[in-house]
1. Quick check: pseudo-label points 7 Å beyond the Cα along Cα→Cβ at Thr219 and Ala19, how many nm apart are they?
2. State, to one decimal in nm, how far the label point of Leu30 lies from the label point of Ala105, with both points 7 Å from Cα in the Cβ direction.
3. Normalized C-alpha radius of gyration of the chain, against 2.2 N^0.38 Å?
4. Can you give the extra length, in nm with one decimal, that the chain gains between Ala41 and Ala56 once fully stretched, where that is 0.36 nm per residue apart less the Cα-Cα distance?
5. What does the charge count around Tyr192 come to, taking other residues whose C-beta lies under 10 Å from its C-beta (Lys +1, Arg +1, Asp -1, Glu -1)?
6. I'm checking a number: the convex hull volume of the Cα atoms of segment 79-217, normalised per residue, in Å³. What is it?
7. Among Val421, Thr450, Phe436, which residue has its Cα positioned farthest towards the positive end of the charge dipole of segment 319-465, with +1 placed on the Cβ of Lys and Arg, -1 on the Cβ of Asp and Glu, and the dipole taken about the Cα centre?
8. For segment 298-468, what class follows from the C-alpha gyration tensor (a ≥ b ≥ c being the square roots of its eigenvalues): rounded when a/c is under 1.5, otherwise prolate if a/b is larger than b/c, else oblate?
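Nothing in this text is a laboratory measurement; each read-out follows from the coordinates by a stated rule. Because the structure is predicted, anything quoted here is derived from the model rather than measured. A quick note on method: Cβ atoms are made from the backbone with ideal geometry, for glycine too, and the neighbour counts reach across all protein chains shown.
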Amino acid sequence: MSIDVETEPGAVPGIDPNALRDSEDRISPLWLERLRAYLAAGRNDDVATVMEPLHAADVGDVLESLDADERVELVRVLGDRFDYSALTEVDESVRVDLMDALPNAEIARGVTGLDSDDAVAILEDLEQEDRDEVLAKLPTFERLSLKRSLDFPEESAGRRMQTDFIAIPPFWTVGQTIDYLRREKDLPDEFYQIYVVDASYQVLGTIPLDRFLRSQRATAIEALMNTNFVLVDADEDQEEAARDFERYDLVEVGVVDESKRLVGVLTIDDIVDVIHEEADEDIKLLAGVGDEDISDSTIDTVRSRVPWLVVNLFTALAVSFVIGLFGATIDQMVALAVLMPIVASMGGNAGTQTMTVTVRALAMRELDGRRLRRLIGREMVVGWANGVIFAILIGIITWLRFNDMQLGIVIALAMIINLVVAGTAGILIPLTLDKFKADPAIASAVFVTTVTDMVGFFAFLGIAGLWFGLF
């Protein structure tokens, strides 16, 4: 489809900002083609007009929909009007490629004035040399604030926090605080509570905005503040901080350094991103694809997937070795070759179900001593129950298909054994990996399926060999 960009010069024919997305909430192909046409024709004012109403998240989606050279051109055309917080809304590979194409001076201009958490999210993807050059071009206070955040570990509360917050002394009144908030220019754009601190910036209490706004001007801050509050350490893992938000129904929490001084705040919008990222990471690790995005190049995708495919190759060789042990048995009874994948497949699926429940429970820190014993006992009983149910079904089907009741009994016994083993392996393997400080989300699937395959084939072929005297 071609767009006549010369129609109504200087105007934006047929484009409604609300038509950015189609009925399925995807970027409209027509809208995107018009934007590409304006970029190609050098109609910079039209590009700016189209992009101006968009939220940063929508700008991020537009960037991901464009080609690499088009992204750079869009940022260049928008200039000062491009909101760099949109870079926090795109896949990491897109963000890195775009920043590699932009001069450091332009990046420094773009991150100036951003919320500190957004600025950190952009700067942490730069090479150290480029990061230092960008930081050197920032105002002194902003540079020091960002450097401090970047000094905290990756995926920690300190990296996620905003360094702008409202902190007041306990001897003020509500009226003094209101006057301060009205007078002071350098305050966060959005905040949900006020922090009461001493001279060393240690938190004495917090005041939610709803309680603050309902109080009389003469009310002392010390009498109003809540002394039962939650804080998180700057070095704490962001996933642990997210659990605090869930456990205590928080919308904002203070972040303190090793000296318990207030250095920043985490807000609910940051935590929603954390929850999404952690869930996305666990899903990818369960499938063995690592830190992979749909925007990654073919080479990066291959590099990400090869390691665990290599591991899977060796585990498959181990399974084939077990089958090889019973080569003579299979030769004497061809029906065994037809039936043996059923036992292994059922065991693999049952083990994956249990493994998924266990990995989730470990990730959510739900397995204390009592719950752990209950989970192990439950999964073993579930394995027995499922084993009996499907043993009866597959036994009857096998009997009818091959007109051999004994073969039906053999596969039924193997099914029971493998489903019990699958339930046990599905819980014990993630627990063992977790105990040895390995991420159970990464390696559990490979080991669980290997165990269920080996046990399934060994049990079925072994029982068959003994039952029919084929050894």
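1. Using points 7 Å along Cα→Cβ, the separation is 5.2 nm.
2. Roughly 4.3 nm, to one decimal.
3. 1.32
4. 2.9 nm
5. Net local charge, Tyr192 excluded: -3.
6. 140
7. Phe436
8. Cα axes put segment 298-468 in the oblate bin.
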